[in-house]
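Below is one structure; the comments refer to it alone.
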Amino acid sequence: MTTATGPVPAPTATARDRRRRAASAARLTAVVLVVLVLALPMVWMFAAAFKTNVQVTDPSVGLWFTPTLENFRAVIEAGQIVRSMGNSLLVGVVSTVLSAVIAVPAAWAVGRFAMHRTASVILVARIVPAISLLVPWYYLFAQLGLVGSYTALVLSHMFVSVPLIMWIMISFFAGLPVELEEAAQVDGLSAFGAFWRITLPLAAPGTATASLLAFVFSWNNFMFALVFADDSTQTVPVTLFNFISYASTDWGGLMAATTLITVPVVLAALLGQKYLVAGLTSGASKG
């Protein structure tokens, strides 16, 4: 390149290296900042679980303090959190499995046969506020004698989980090559047989991702459990709410209980990390 005053020298390798190092440093700084912002509440929660209530509310007490296990002992000895975790695990697993059994084949049919109107209905069902359905649901469940039962919780969670899994899996199935199913049908399989033997195994990462998200929703759901559960079927979000009273809040016990109920979700994410990453990135490599 030349100008009126003469040729413009090309950037040297040293200048390019400096720009590359500056860009890498900027990306690293951004990643560190995002991680700190996301991890800070978790670190504070974990630290507060080992503090007394006085230490939790004292701004001068940071991360350097004498830890105590009294909060965990009191929470576990009370027994309610353990029973609630069992209830949440039961409701979450059953609702997620049933939702996946219904939603995955339905998503395959919608995505493979281009049922655009059906996809629009699913989207509407996904965005309808669940709170608007609590009154008719409660009336229906009360008439059937299901209020306070696991059945009411499972059905109410499935109302959200089925559209969630379907909406994730529709785009996943649409990205899989249809030639694989056509080849299987040429070999004698039916359309559903090709789905069951060929497409479904290929969709394992997406199914795992959608199921994990549905389970996390079920585990964290507060509104349905507050309305439809009783003392025997109470799930962990409602149990956590019991640590908050009008006069005071048991911050130590609340943080200890929150730490305990966070462990199953973290373990599920770690165990399914391979499928989770593959499912979340599949849209970038298929189409």
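Report, in deg cm²/dmol and to the nearest 500, the calculated mean residue ellipticity at 222 nm for the chain, where each DSSP H run with n ≥ 4 adds -39500 (n - 2.57) and the sum is divided by the residue count. Walk me through the numbers on the way to the answer.
Numbers: 14 runs with 207 residues, N = 287.
For the chain, the value works out to -23500 deg cm²/dmol.
How do the peptides 259-269, 16-26 rank, highest first, by the average count of neighbouring beta carbon atoms within 10 Å per residue?
Listed from highest to lowest mean packing, they are 259-269, 16-26.
Match the structure shown to one of the listed values [x] 1.12; [y] 1.02; [z] 1.16 of Rg/Rh (Cα atoms, Kirkwood Rh), computed from it, and give that label.
Working out Rg/Rh (Cα atoms, Kirkwood Rh) from the coordinates points to [x].
What FRET efficiency would be calculated for the residue pair residue 204, residue 63, taking the C-beta separation as r and a Förster radius of 45 Å, to the nearest 0.05?
So, using R0 = 45 Å, E works out to roughly 0.65.
Order 186-197, 46-57 from most to least packed using the mean count of other Cβ atoms within 10 Å.
Numbers: 186-197: 13.5, 46-57: 18.2.
Descending mean neighbour count gives 46-57, 186-197.
Tell me the relative contact order for segment 131-221 as a rounded percent, counting alpha carbon contacts under 8 Å between residues six or more apart.
31
Taking R0 as 51 Å, what FRET efficiency do you get between residue 271 and residue 138 from their Cβ-Cβ distance, rounded to the nearest 0.05?
About 0.90, to the nearest 0.05.
How many nm separate the modelled label positions at residue 102 and residue 24, each set 7 Å beyond the Cα in the direction of the Cβ?
About 5.2 nm separates the two model spin labels.
Subtract the Cα-Cα distance of residue 130 and residue 118 from 0.36 nm times their separation in residues, and report this length gain in nm to one decimal.
2.3 nm
Between residue 36 and residue 180, what FRET efficiency comes out of the Förster formula 1/(1 + (r/R0)^6) with R0 = 45 Å and r the beta carbon distance, rounded to 0.05?
Efficiency, rounded to the nearest 0.05: 0.50.
FYI, it's all coordinate maths here, none of it is from the lab. This one's a predicted model, so the numbers in the text were calculated from it and none came from an experiment. Glycine also receives a Cβ, built like all others from the backbone with ideal geometry; neighbour counts cover every protein chain displayed.
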